[in-house]
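J.: Before we start, here is the structure in question, set down as structure tokens.
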Amino acid sequence: MRYWIIEIFTSIQGEGDVIGYPSNFIRLAGCNLRCVWCDTKYSWIRHDGKEMSIEDILQNINLNIKYTTITGGEPLLQNIEPLAKTLKEYEHFIIVETNGTIKPSEELKKLVDVFSVSPKLSNSGFKINYNFEDDWASYYKFVIDKVEDLLEVKSFIEKHNINPKKVIVQPNGLSKDYIESLRELADAIMRMNLPFRVLPQLHRIISYR
């Protein structure tokens, strides 16, 4: 099995329930969306990546670090089951970061420990009809540009019957003053009495890859 890969690196996981853990990152090439605030636009085109076998990938990650994040682009555009199965043989904890437009197979659900799902609000430039009837995400992560976006999140989770405890909101990572945006978001959550979890993108604060 071969994959189109944009980059492989090791860093601190900066988002979601696994924030703070050292992790391998395998960034797959190709995405089915073009979000206006995307900070990895270089991963959009599949053939901008390098074709690599699973063996090539294993040689480029730190096997002693047991957290591995498969991200993109949109990683579920490629069949990552064989890669996930191999990583499990090395006893890795697997995180898949996805935009939620492609539903994972039942076999992949068994292999992946965390599905970090980032549904896109209208601030992304898209309006997408999602299907989360079986609630397959480990958590749902939303990018917030302005206070009105929180009302859209509230409407979204009510429509899809999502448990608010699984909702994470974070500021747009491209904000000019990220700390101030984080503070404003936290204030808005408190003022609006919303039960969402506010988390930063840690790598924006510590200036670490």
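The values are calculated or read from the model by the stated rules, or taken from the named source; none is laboratory data. Since this is a predicted model, take the numbers as computed values, not measurements. A quick note on method: Cβ atoms are made from the backbone with ideal geometry, for glycine too, and the neighbour counts reach across all protein chains shown.
J.: Being touching a helix residue (DSSP H, G or I) at 6+ places or on another chain (Cβ under 9 Å) and among the basic types (Lys, Arg) is the filter; apply it to region 140-161 and report the residue that is farthest from residue 39 (Cα to Cα).
T.: The selected residue is 154.
J.: Yes or no: region 72-88 includes at least one residue that is more than 16 Å from the chain's Cα centre (by Cα) and hydroxyl-bearing (Ser, Thr, Tyr).
T.: Yes, some residue in region 72-88 is more than 16 Å from the chain's Cα centre (by Cα) and hydroxyl-bearing (Ser, Thr, Tyr).
J.: Out of 70, 57, I need the residue that is surrounded by 18 or more Cβ atoms within 10 Å (Cβ to Cβ), over 30 Å from residue 163 (Cβ atoms) and aliphatic (A, V, I, L, M). Which one?
T.: Numbers: 70 fails: over 30 Å from residue 163 (Cβ atoms).
Answer to the selection: 57.
J.: Could I ask something else about it? Kindly indicate which of 181, 138 is among the small types (Gly, Ala, Ser) and over 28 Å from residue 113 (Cα atoms).
T.: Values: 138 fails: over 28 Å from residue 113 (Cα atoms).
On inspection, the qualifying residue turns out to be 181.
J.: Out of all the residues in region 139-176, which are more than 16 Å from residue 191 (Cα to Cα), of a type in the set (A, V, I, L, M), free of Cβ contacts under 8 Å to residues at least 60 places away in the same chain and touching a Lys or Arg at 6+ places or on another chain (Cβ under 9 Å)?
T.: Passing the criteria: 157, 167.
J.: Just checking, which of 116, 155 is hydroxyl-bearing (Ser, Thr, Tyr) and crowded, with 20+ Cβ neighbours inside 10 Å? Before you say what the answer is, go through the steps one by one.
T.: Numbers: 155 fails: crowded, with 20+ Cβ neighbours inside 10 Å.
Result: 116 is the single residue among 116, 155 that is hydroxyl-bearing (Ser, Thr, Tyr) and crowded, with 20+ Cβ neighbours inside 10 Å.
J.: Of all residues in region 19-44, which are at pLDDT below 95, within 20 Å of residue 202 (Cα to Cα) and buried (at least 16 other Cβ atoms within 10 Å of the Cβ)?
T.: Of everything in region 19-44, just one residue is at pLDDT below 95, within 20 Å of residue 202 (Cα to Cα) and buried (at least 16 other Cβ atoms within 10 Å of the Cβ), namely 38.
J.: Just give me the residues in region 1-52 being of a type in the set (Val, Ile, Thr), in a strand (DSSP E or B) and free of Cβ contacts under 8 Å to residues at least 60 places away in the same chain, in sequence order.
T.: Across region 1-52, the qualifying residues are 5, 8, 10, 26.
J.: Here is a further query. Take region 115-138 and flag every residue that is in contact with a Phe, Trp or Tyr (Cβ under 8 Å, 6 or more places away or on another chain) and in contact (Cβ under 8 Å) with a residue 40 or more places away in the chain.
T.: Correct list: 116, 120, 123, 124, 138.
J.: Could you list, in sequence order, the residues of region 76-108 that are buried (at least 19 other Cβ atoms within 10 Å of the Cβ), among the aliphatic types (A, V, I, L, M) and assigned to a loop (DSSP other than H, G, I, E, B)?
T.: Matches in region 76-108: 80 only.
J.: Out of curiosity, is residue 8 under 15 Å from residue 96 (Cα atoms) and within 13 Å of the chain's Cα centre (by Cα)?
T.: Values: under 15 Å from residue 96 (Cα atoms): yes; within 13 Å of the chain's Cα centre (by Cα): no.
When the stated conditions are applied, residue 8 does not pass them.
J.: What are the residues in region 14-28 that are touching a helix residue (DSSP H, G or I) at 6+ places or on another chain (Cβ under 7 Å) and within 14 Å of residue 83 (Cβ to Cβ), if any?
T.: 26, 27, 28
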